[in-house]
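One structure below.
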Amino acid sequence: MTAIRSHSRGSPARKAAFTLIELLVVIAIIAILIGLLLPAVQKVREAASRAKCQNNLKQLGLAQHNYNDTNGRFPPGGQMGPFMGQPGSQTGDWGDDRGSFLTYSLPYMEQMGLWNLMSSFGGSPETVHNSAGKLRAAANFSGGSGIVSTYRCPSDAWNSDWRMTNYAGSAGPQCMAGGCGADIYIANCNRGGITHPGYAESPDHGNAWGEADIRGLYNRLGAKIKFASVTDGLSNTIMIGEVLPEQHDHYWDGSWTHFNGGVAHHGTNVPINFDTSDRAGRCGSVPAKNIGNWNTSWGFKSKHSGGANFVLGDGSVRFLTQTVDIRTYQYLGCRNDGQPVSPP
């Protein structure tokens with residue numbers, strides 16, 4: 001019988017494989033690299049979103065100036081129907097919705113299409129009953145969404161399919177009682193040592209029709225503020241700032257068109273980025289952080305780390321840090337307190 005011999009010489013060599021430890025090391029290295037890369041990508045995205053947000057505010061600032069060129073004043077923060085009592089009484093028709101300052105900004109924001117939809121119902125929104133409501137109906141009827149991308153900050157994705165805004169006109173250091181027993185910032189509306197008439201006792205929540213009663217540049221009832229009324233200087237006064245609708249109980253779908261939809265309900269009493277993310281009913285279990293506490297939820301805030309973007313009365317855009325001195329912040333919010341400080 002012929003013996004079978006092994007022919008190992010010349011046979012192909014077996015390829016070396018990764019050991020389990022080597023595979024684990026490679027996976028760990030890849031995980032570390034991804035961990036290093038993701039924050040960098042997120043940082044780049046946030047930088048782009050912040051720049052877009054600043055550009056939105058720049059466009060809004062220019063729109064306010066163009067409105068002034070045509071009408072001789074800022075657009076009303078909100079416009080409700082004529083009051084039913086004597087002049088000066090706070091008895092307006094809350095059911096007569098005539099729009100917000102964002103509504104009046106439309107023709108100056110390359111949004112004539114939406115403005116014309118409103119006008120097609122019978123004229124200027126300032127004089128047409130419930131025109132903001134009609135705008136919402138018209139936008140739906142025409143197949144449009146009524147969403148204005150310039151009114152949204154890309155850093156805030158909350159209900160991005162709603163007709164919402166991330167920008168509100170400043171009422172300044174207006175007194176705003178919260179109604180929840182946690183008025184922790186009420187003292188800021190009448191800071192001790194400021195005796196200028198611009199810091200006289202102010203009507204709660206800016207509920208007044210007269211210019212003299214409004215510390216900032218906007219309010220929801222239609223007070224008409226002229227550029228000349230900003231005696232501290234346009235470059236020293238906050239005009240519009242960033243807001244988070246998710247943390248304020250007056251925002252809902254279509255709120256940017258509505259005089260009472262939050263867009264003129266923000267002031268400088270509350271520190272920037274104060275958290276009011278508690279949405280557990282009216283006042284909630286922690287009233288200071290609940291959206292229903294107007295003393296805290298009516299502040300300016302953003303998704304940007306460390307502060308928020310603002311546009312000043314001269315149209316310049318600034319990023320104010322959330323650690324800004326509170327007194328300086330009040331001076332920037334008030335248009336006529338005799339303290340013309342420059343933004344830090």
Packing-based exposure ordering (other Cβ within 10 Å, fewest first) of LYS226, LYS52:
LYS226, LYS52
By Cβ neighbour count within 10 Å, fewest first, PHE319, PHE274 rank PHE319, PHE274
Pairs over 27 Å Cα to Cα, from LYS52/LYS301; LYS52/LYS289; LYS52/LYS226, come to LYS52/LYS289; LYS52/LYS226
If each of ASN55 and VAL286 carries a label point 7 Å out from its Cα toward its Cβ, how far apart are those two points in nm?
3.7
May I ask you to derive the relative contact order of the stretch 290-344, considering only C-alpha pairs under 8 Å and at least 6 residues apart, and to give it as an integer percent?
20
Note, ³J(HN,Hα) from phi for the stretch 25-31, Karplus 6.51, -1.76, 1.60, rounded to Hz, x at Gly and Pro:
5, 4, 4, 4, 5, 4, 4
Return ASP204, ASP156 ranked ascending by Cβ neighbour count within 10 Å, so the fewest neighbours appear first.
ASP204, ASP156
Quick check: from the Cα gyration tensor, does the stretch 164-275 come out rounded (a/c under 1.5), prolate or oblate?
oblate
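Every number here is computed from the coordinates shown, using simple stated rules; none is lab data. Nothing here was measured: the structure is a model prediction, and the numbers come from that model. Glycine gets a Cβ as well: all are built from the backbone with ideal geometry, and neighbour counts include every protein chain shown.
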